[in-house]
Amino acid sequence: MIKIATIFALFILIQHSQCIIPAGTNVAGPEFDGGSYWPGISDVNYFTSKGLCILRIPFKWERLQPNLMQNFEQNYLNELNKFVNAATSNGAQVIIDPHNYARYNGKIIGSELSVNNFNDLWTRLANLYKNNSRVIFGLMNEPNTMSTSVWLSSANSAINAIRNTGATNLILVPGNAWTGAHSWLQNWYGEPNGNIMKGIVDRMNNFAFEVHQYFDGDKSGRSESCATQKGSDYLVEFTNWCKANKI
């Protein structure tokens, strides 16, 4: 039995979905435990049978590409391909997600690590999946503890690299500070996402901001109890920001 300890919401705009109400789940595994576990066809069948038509598959950049600017590790790539093909052929959409917090081996993209390495990752991924419109490109899981402006520049560079391949896939763009919805306009982490992330540029205009929100008291996801207040209270400022900026 799976115990749901806290509610984790991934709010994204999904286009061209056949779902009446787009709903999905994270299918964790290959980003943890040495990358030895990959979800398979039975997992895809289970989730889609429950009406979930968006599956987010996290992976570790270092495992997919052990050497920067070099070919992907074939066995790890084969497993990623198997999952993507199984899900998309079953009518689901798949979000591919480098689960790296805007880092490679601990080095921050755009400051300690050249953004060219990030561009190379996404150029290779885009070339692999650009002909599958059901694949959604999640740029990066939860950038944090960095300059928001540096992340903006890195994200824009990767988006441009993706579009240079001819890929038209939907791109999901997170903000800084673990891309928390509740902190989108706050400045405790530096420049607020609400000020800086308006600078995202996509020549295809086919992107969405990805925000994450836990509903426990300190919004960290570490508690087994949700806060007594409504979860929507954590989202109202971000929602109003979207409306004000016509997003």
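The values are calculated or read from the model by the stated rules, or taken from the named source; none is laboratory data. Everything quoted here is computed from the prediction, not taken from an experiment. All Cβ positions, even for glycine, are placed from backbone atoms using ideal geometry, and neighbour counts span all protein chains on display.
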Within the range 101-112, restricting to residues that are under 13 Å from Trp151 (Cα atoms) and touching a residue at least 12 places away in the same chain (Cβ under 8 Å), the one that is surrounded by the most Cβ atoms within 10 Å (Cβ to Cβ) is Ile109
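So which strands (runs of 3 or more DSSP E) stay within the range 1-117 end to end and still have 2 or more residues that are of a type outside the set (Gly, Ala, Ser), modelled with pLDDT of 95 or more and over 28 Å from Gly217 (Cβ atoms)? Reasoning before the result, please.
Values: elements: 8-11, 24-26, 54-59, 93-98.
The strands (runs of 3 or more DSSP E) meeting that bar are 54-59, 93-98.
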Quiz item: Condition test on Glu142, is it of a type in the set (Asp, Glu), farther than 20 Å from Pro58 by Cβ and modelled with pLDDT of 95 or more?
Solution: no
- Does the range 124-144 include one or more residues that are in contact (Cβ under 8 Å) with a residue 60 or more places away in the chain and part of a helix (DSSP H, G or I)? no
Here the residues within the range 164-175 that are outside any loop (DSSP other than H, G, I, E, B) and surrounded by fewer than 17 Cβ atoms within 10 Å (Cβ to Cβ) are Asn164
Within the range 72-91, restricting to residues that are surrounded by fewer than 15 Cβ atoms within 10 Å (Cβ to Cβ) and in contact (Cβ under 8 Å) with a residue 24 or more places away in the chain, the one that is nearest to the chain's Cα centre (by Cα) is Asn81
